[in-house]
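What follows is a set of notes on a single structure, which appears directly below.
Every number in this text was worked out from the coordinates using simple rules, so none of it is lab data. If you're wondering where the values come from, they're calculated on a predicted model, not measured in any experiment. Counting neighbours? That spans all protein chains shown, and the Cβs are built from the backbone with ideal geometry, glycine included.
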Amino acid sequence: MNILHLEASAGWGGQEIRILREAEGMRLRGYQVVLAVTKGGGLVARAREAGFTVYEMNFKRPFWPVCLVRLLWIMRRHKIDLVNTHSSLDSWIGGISARIAGKFIVRTRHLSTPIKKGWNSRMVYGKLADFVVTTCASIVPIICKQSGKKAEKCLSIATGVNPEKIQVKEGEAALFREKLGIDPKDFLVGTACVMRSWKGIDDLLKAADILRSTPHLKWVIIGGGHAERHKVLAKELKLEGIVYFTGHLDNPFPAIAALDLFTLLSTAHEGVSQAILQAAYLGKPLLATPIGGLSEVCIEGATGIIVDPFSPDQIAEAVLKLKNENGFREEAGSKARELVLKKFTLAHTLDQMESVYLKVSESRLV
C-alpha cells in the first residue's frame with residue numbers, strides 16, 4: 001500500500017513527531033510512504049533526513065487551486081492508495097483531492113479540544129474522511145456526534161512510546177539530583193513539558209507554596225517554552241531552593257527517572273501525553289488532571305491520583321499522600337509501567353494504524 005501524509009502545520013511538536021515515527025514504522029512493515037508538508041515546516045528536513053520523499057506545499061486557501069493540481073499529480077506519480085490528513089487546511093484540500101482521485105482517506109485528529117460544529121464537522125470528519133483516528137478516547141464521541149460519523153469509523157489510537165528510546169544509564173538519575181543539589185533523602189516532585197499557559201505550572205507552584213514547610217520536599221520543572229512568567233511567580237512566592245527550573249533538556253529521561261513523583265496538571269489541550277507515558281514507562285507514580293487522555297494513563301487509585309484542574313489544594317494533598325504512603329507509591333509506579341507495556345508502546349500504535357489502513361482499503365466505510 002502507498003500512503004501519502006499531508007501536514008499543514010509548520011511546527012515541530014508531538015503531532016509532527018508522531019507522523020514521522022508512524023511513517024518510519026510503516027516503512028519497516030513494507031509500506032511506501034510519501035509526505036506533502038507545508039513549506040518550511042518542521043517535518044521537511046527531518047523527514048528527508050529519514051529518507052522520505054517530501055513535497056513542500058502551500059496549504060493556505062488562496063493557493064488551493066495550485067495545491068489541488070499538485071496533489072493530484074503526486075497521487076498519480078506515486079500510485080497513492082490512501083491519504084492520511086492531519087490538520088484543518090490539509091484535511092480540506094487533501095480530502096477534496098483524494099475524493100477526486102478516488103483514494104481512501106484517514107483523518108487523524110491530534111488535539112483533544114472540541115471540533116467546530118456544523119457544516120465544517122460534517123465535511124472534514126464526515127464526507128472527506130473514510131475513517132477518523134484520534135489520539136485520546138474522550139474526543140471520539142464528540143466527533144461522532146458533531147460529524148455524523150458512525151462509532152465504528154472513529155477510533156482512539158494513542159501515540160505510543162518506543163521503549164528502546166527511553167534509556168537511562170546507571171547513575172544518571174542520581175547525577176541529575178546531585179547537580180540540582182537535591183539531597184538523597186528529599187522527595188522530588190516534578191513535571192516535564194514544553195511550558196504553555198495550559199500546562200498547569202502555576203498550580204504546581206502554588207501547591208509547592210502550600211507545602212513549603214514540609215521537610216525534604218523539593219520540586220522541579222523540566223523543559224523549555226514560556227518559562228519566564230512562571231519564574232516570576234516562583235520568585236514572588238519565594239520558592240528559591242524549593243522549586244528548580246532545568247530549561248530544555250535534549251535528553252530528559254535521566255531527569256524524569258530522578259523523580260519520586262511525576263505530575264502533569266494540564267488545564268486544556270492534552271491528548272495522551274508523551275511525557276506522562278515516558279514517566280509511566282520509567283515506573284513513576286502519577287499525579288494528573290483528567291484533561292484529554294491523561295486519565296487513560298493516570299488511573300485513579302491504580303497508577304496514581306487524579307485532581308481537578310486549577311486545584312493547588314488538591315495537588316498538595318495528593319503529593320503528601322504519595323510522599324507518605326510508600327507502598328501505594330511503589331505499586332502505582334509498577335502498575336504505570338505495566339500499563340505502558342501492555343497498551344501504549346509505538347508497536348501498539350503501528351498495529352492499530354495498520355489495522356485501520358487495511359480496514360479502510362478493504363471497504364470504503366462511508
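Given the -39500 (n - 2.57) contribution per DSSP H run of 4+ residues, what per-residue ellipticity at 222 nm results for the chain, rounded to the nearest 500 deg cm²/dmol?
Numbers: 15 runs with 156 residues, N = 366.
Rounded to the nearest 500, it is -12500 deg cm²/dmol.
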Legend entry - For Leu217, residues with placed amide H under 5 Å, excluding near neighbours: Phe187
Inset, instruction - Please list, in chain and number order, the residues 5+ apart from Thr53 or on another chain whose amide H is under 5 Å from its amide H, with Hs placed from the backbone. - result: Leu35
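Counting pairwise Cα distances across the chain, what percent come out greater than 33 angstrom?
Values: 22427 of 66795 pairs.
When all Cα pairs of the chain are counted, 34 percent exceed 33 Å.
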Inset, instruction - Convert each backbone phi in the stretch 188-205 into a coupling constant with the Karplus relation 6.51 cos²θ - 1.76 cosθ + 1.60 (shift: θ = phi - 60°), then list the ³J(HN,Hα) values in order as whole Hz, x for Gly and Pro. - result: 9, 9, x, 9, 9, 5, 7, 5, 10, 5, 9, 7, x, 5, 4, 5, 4, 5
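Report the FRET efficiency, 1/(1 + (r/R0)^6), for Glu300 and Gln352, where r is their Cβ-Cβ distance and R0 is 41 Å, rounded to 0.05. Each step should come with its number before you reach the end.
Values: r = 25 Å, r/R0 = 0.61.
So the FRET efficiency works out to roughly 0.95.
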Inset, instruction - Over all alpha-carbon pairs in the stretch 244-366, figure out the percentage whose distance exceeds 20 Å. - result: 49
Legend entry - DSSP-loop chymotrypsin sites (Phe, Trp or Tyr not before Pro) across the stretch 308-366, with at most 14 other Cβ within 10 angstrom: Phe310
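Using a simple charge model, +1 on the beta-carbon of Lys and Arg, -1 on the beta-carbon of Asp and Glu, nothing else, what dipole does the chain show about its Cα centre, in debye to the nearest 20?
1720
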Legend entry - Between 0 and 90°, nearest 10: helix 64-77 axis offset from the chain longest Cα axis: 80
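Give the value in nm², to one decimal: projected area of the alpha carbon convex hull of the stretch 163-343, averaged over all directions.
Numbers: hull surface 36.7 nm².
Dividing the Cα hull surface by four gives the mean projection, 9.2 nm².
Starting from 0.36 nm per residue, how many nanometres of slack lie between Leu180 and Ala10 once their C-alpha separation is accounted for?
Taking 0.36 nm per residue and subtracting the Cα distance, the gain is 57.7 nm.
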Inset, instruction - Alpha carbons only, please: Rg and Dmax for the stretch 1-79, in angstrom. - result: 12.2, 38
Inset, instruction - Kindly work out what percent of the DSSP beta bridges joining two residues of the stretch 163-343 are antiparallel, to the nearest 5. - result: 5
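What do the square roots of 5 times the Cα gyration tensor eigenvalues come to for the stretch 1-145, in whole Å, largest first, as semi-axes of the equivalent ellipsoid?
Numbers: eigenvalues 95, 62, 45 Å².
Ellipsoid semi-axes (Å, largest first): 22, 18, 15.
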